[in-house]
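Mind looking over this structure? Questions follow.
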Amino acid sequence: MAGIKVFGHPASTATRRVLIALHEKNLDFEFVHIELKDGEHKKEPFIFRNPFGKVPAFEDGDFKLFESRAITQYIAHFYSDKGNQLVSLGSKAIAVIAMGIEIESHEFDPVGSKLVWEQVFKPLYGMTTDKTVVEEEEVKLAKVLDVYEHRLGESKYLASDHFTLVDLHTIPVIQYLLGTPTKKLFDERPHVSAWVADITSRPSAQKVL
């Protein structure tokens, strides 16, 4: 049977999310580069792997998936006997992780990704950062980080006292934002600051850089 393949772009935060999960599990995989600037993700054969034309896509033998958070959950559960545990057992623990994943997906990531686009990718493409958008999105991110600060005052990580997918999913966006003025929002919150230092220093996080 063919091994694990990830079809994506190394700069993509969604692709990085999957790569970090694979590194946490110490799994071997093949990375297939999809060139976004050439629109490769909108054409065959990639569009067959993800009809929405977004990276990454994932294959584990005959099993195929797209959507990064679904992929990381598959990796965490299917390879539960490998590497580091990324989930917790028990109905309540599973529910807390599900809640954390929803918060990251709907509250943290949309705002964080806009800030990454404005401050990291726009300058790379020769475009001008919209400072008004940055200010507006930082206000939104601050509210999310206030929730995280409270949560991290109760447990070492967002879902429990051990690192889980909830923390993992935030890493790619945080890595980009640490190189921007938005870093101040993390630094201003002691629990968040310590948590950021912890999760971004993990070997898996360092490898995707």
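Taking a probe of 1.4 angstrom, what is the accessible area of Glu154 in Å², to the nearest 10?
Probe radius 1.4 Å; accessible area of Glu154 about 120 Å².
Using the Karplus equation 6.51 cos²θ - 1.76 cosθ + 1.60 (θ = phi - 60°), what ³J(HN,Hα) coupling, rounded to whole Hz, does each residue of the stretch 163-169 give in order, writing x for Gly and Pro?
Whole-Hz 3J(HN,Hα) from phi for the stretch 163-169: 4, 9, 4, 4, 6, 3, 4.
Related question: How big is the Cα convex hull of the stretch 4-79 in projection, averaged over all directions, in nm²? All intermediate terms of the calculation are to be shown ahead of the outcome.
On the way: hull surface 18.0 nm².
Here the figure is 4.5 nm², rounded to one decimal.
For the chain, what relative contact order do you get, as a whole percent, if you take Cα pairs closer than 8 Å and at least 6 residues apart? Could you put the intermediate results ahead of the total?
Values: 269 pairs, mean separation 45.7, N = 209.
Across the chain, relative contact order equals 22 percent.
Specify whether the C-alpha gyration tensor of the chain places it in the rounded, prolate or oblate class, a ≥ b ≥ c being the square roots of the eigenvalues: rounded for a/c under 1.5, otherwise prolate if a/b is larger than b/c and oblate if not. Let's see the in-between values first.
Working: a/c = 1.96, a/b = 1.11, b/c = 1.76.
Because a/c hits 1.5 or more and a/b fails to exceed b/c, the chain counts as oblate.
Roughly speaking, to the nearest percent, how much of the chain's 1.4 Å accessible area is carbon and sulfur?
57 percent
Let me ask you something else. Counting only heavy atoms of protein chains, what accessible area per residue, in Å², does the chain have with a probe of 1.4 Å?
Spelled out: the 1.4 Å probe surface of the chain, per residue, equals 50 Å².
Right, another one. Relative to the Cα centre, what is the charge dipole magnitude of the chain, using +1 at the beta carbon of each Lys and Arg, -1 at the beta carbon of each Asp and Glu, and rounding to the nearest 20 debye?
Computed charge dipole of the chain: roughly 200 debye.
Now a separate question. Kindly provide the helix-only [θ] at 222 nm of the chain, computed as the sum of -39,500 (n - 2.57) over DSSP H runs of four or more divided by all residues, to the nearest 500 deg cm²/dmol?
-14000 deg cm²/dmol
Which value, in nm² and rounded to one decimal, describes the direction-averaged projected area of the C-alpha convex hull of the stretch 44-99? If you can, show how the numbers build up before the last one.
Numbers: hull surface 19.6 nm².
With every direction weighted equally, the projected area is 4.9 nm².
Considering the Cα trace of the stretch 87-153, what is its radius of gyration and what is Dmax, both in angstroms?
My reading of the Cα-based Rg and Dmax gives 15.4, 49 Å.
Can I ask one more? Calculate one ³J(HN,Hα) per residue across the stretch 69-80 by plugging θ = phi - 60° into the Karplus curve 6.51 cos²θ - 1.76 cosθ + 1.60, and present them in order as whole Hz with x for glycine and proline.
For the stretch 69-80, the Karplus curve yields 6, 5, 5, 5, 5, 4, 4, 5, 7, 5, 10, 4 Hz.
Measuring from centroid to centroid over Cα atoms, what is the spacing of the stretch 189-209 and the stretch 111-167 in Å?
Centre-to-centre distance over Cα atoms comes out at 13 Å.
Separate question: What is the dipole size for the stretch 4-79, taken about its Cα centre, with +1 at each Lys and Arg Cβ and -1 at each Asp and Glu Cβ, in debye to the nearest 20?
It comes to approximately 300 debye.
Continuing with this model, one more query. Give me the tail of P(r) for the stretch 24-143 as a percent: Cα-Cα pairs with distance above 25 Å.
45 percent
For every other residue with a beta carbon closer than 15 angstrom to the beta carbon of Leu89, add +1 if it is Lys or Arg and -1 if Asp or Glu, then tell me the sum.
So the surrounding residues net to -1.
The values are calculated or read from the model by the stated rules, or taken from the named source; none is laboratory data. Bear in mind that the values here come from a model prediction, so they are computed numbers and not experimental data. For neighbour counting, all protein chains shown are included, and Cβ atoms are generated from backbone atoms with ideal geometry for every residue, glycine included. The accessibility values were calculated without ligands, DNA or RNA, using every heavy atom of the protein model including side chains. Shrake-Rupley method; radii C 1.70, N 1.55, O 1.52, S 1.80 Å.
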